[in-house]
Amino acid sequence: MQQHFSLADCDVVGFDLDHTLCRYQLPQSARLIYDSFAHYLVTEKGYDEDLLILAPDSLDFCCKGLVLDIEEGNFLKLAEDGTVLRASHGTKSMTFEEILENYGRREWKHFNTVSGMVSRTAKYYLYDNYFDLPGALLCARVVDSLDQHDGQKKYDFWKDMVAAIQHNYKITAFKEDCGMYFPEVKNHPDKYLQRCPESVKKWLKQLKNAGKILLLITSSHSDYCRLLCEHVLGNDFEEYFDILITNALKPGFFSHTPNQRPFRTLENDEEQEALLSLDKPGWYSQGNAIQLYDLLKKMTGKLDPKVVYFGDSMHSDIFPARHYSNWETVFILEELLGDKGIVPAKAESEPLEKKGKYEGDQLKVPYFVSKQWGSFFMDRIPGPENAEETLVHTWSCKCISTYSTIAIPSLEAIADLPLDYRFTRFSSNNSATAGYYPSPPRALLPKEDSVTMK
């Protein structure tokens, strides 16, 4: 495989929407998502009202890459070999001895399944994006609450959590003003959404002018997609893209066949009958990567057009686009900002009176390193009896170098580069940090004191 990757070599450039093209004000959106789920559990399912109260620093619990062992009520941070690096029962951190007692020094029992397909099942749930993460804190607090009241050993709250997610995010929720999430974002978009920087808009136009086909593939429904795009890109957002696909139901978009997941046209945001094939550019719903690729062959006149896809979820975007479609993948990883302790430029430049406007409880920004969970990329394993600690890569970090072409903190980070800029890609021939742009996370640099472990 080539050492380098360049957008100039790609015929098609595809984007996820949420947390990729559209970035959120993370402290505010995290709080809204938490409240949306908690409100449902309390009012509809009779859970403890204490769940509605959130201490300002409690979002520190939210760390991408955690796996919830549903039956045990335990959250796990896994090493690249599948052993448990850190764990909590509910919100309470487990000691090294408790981890050894529960999980030993061997591969976690579901590791083969989760690592083979970067998947989720009825037994565990992988938290890998900002829409899910506040739910991790809520589940952990539910476990605390159940322990306090019922002294449970096996937990069955998960079905209620799924109901809370479905209630707030279901396809008709936006139109019906159902749940807390959509009505709130509709009414206060500026509170939750960051406008797309001019540099990124210019770059999208530059890609199009260079003859690239531009795709938007999002699991958000068309009505929510329109709200987001109008707010972050402007009313002319459709002009940026050749093909828009909403309600894509990723990762199934990549793994399903045309029969299982046909494309549908839309009228007034209502899905119409299934299409037998995809014949022309436009705005579609659902669908599959196989028929999309057939259309891209026609549009480019090439037998094997080269596609790159930008996304923020390993589970929904990066793994399936690489594994099923063999596309190049660019992983949007805001943790690259946090690991360096950089304050995003926008926040620095805002006047104080504007900055304080929505901060309310001063909730911590989720992409700074979690005190409870440590670095997203590395961790230390205590040695047996006073032996030295060993530094190991996390499983999340391993996934990045395995399934991403490159990883960047945001589109803005590359928008000013020439289109023929040559990025060093992740590959077995390059160093473990090669694919991170503009620079590797501090935790991966070979300095003893560089690892942010608390």
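The values are calculated or read from the model by the stated rules, or taken from the named source; none is laboratory data. On a predicted model such as this, the values are computed, not experimentally measured, just so you know. For neighbour counting, all protein chains shown are included, and Cβ atoms are generated from backbone atoms with ideal geometry for every residue, glycine included. The area values use the complete protein model at the heavy-atom level, side chains included, leaving out ligands, DNA and RNA. Shrake-Rupley method; radii C 1.70, N 1.55, O 1.52, S 1.80 Å.
Site-free segments of the chain were taken between GluC sites (Glu not before Pro) in DSSP loops having at most 16 other Cβ atoms within 10 Å, sites themselves excluded; the longest one is 108-358.
Summed over qualifying helices (DSSP H, 4 residues or more, each -39500 (n - 2.57)) and divided by its residue number, the chain shows a 222 nm mean residue ellipticity of -9000 deg cm²/dmol. Remark: the chain carries 43 Å² of accessible area per residue (probe radius 1.4 Å; ligands, DNA and RNA excluded). When only alpha carbons are used to place a centre, region 97-113 and region 173-233 end up 41 Å from one another.
Region 385-436 and region 320-334 have Cα centres spaced 13 Å apart. Solvent-free Debye calculation, one equal scatterer per alpha-carbon of the chain: log10 I(q)/I(0) at 0.05, 0.09, 0.12 Å⁻¹ equals -0.17, -0.59, -1.09.
Across the accessible surface of the chain, with the other protein chains kept in place and a 1.4 Å probe, carbon and sulfur atoms take up 49 percent.
Among the listed pairs 170/201; 64/208; 92/153; 208/306, a Cα-Cα separation exceeding 27 Å is found for 170/201; 64/208. Relative contact order (percent) for region 134-187, with alpha-carbon contacts under 8 angstrom and 6 or more residues of separation? In percent, rounded to a whole number, it is 20. Judged by the gyration tensor of its Cα atoms, with axes a ≥ b ≥ c, region 1-89 is oblate; a/c meets the 1.5 cut and b/c is at least as large as a/b.
Projected label points at residue 420 and residue 293, each 7 Å from Cα along the beta carbon direction, are separated by 2.9 nanometres. Packing, taken as the mean count of other beta carbons within 10 Å per residue, orders the peptides 59-69, 203-213 from highest to lowest as 59-69, 203-213.
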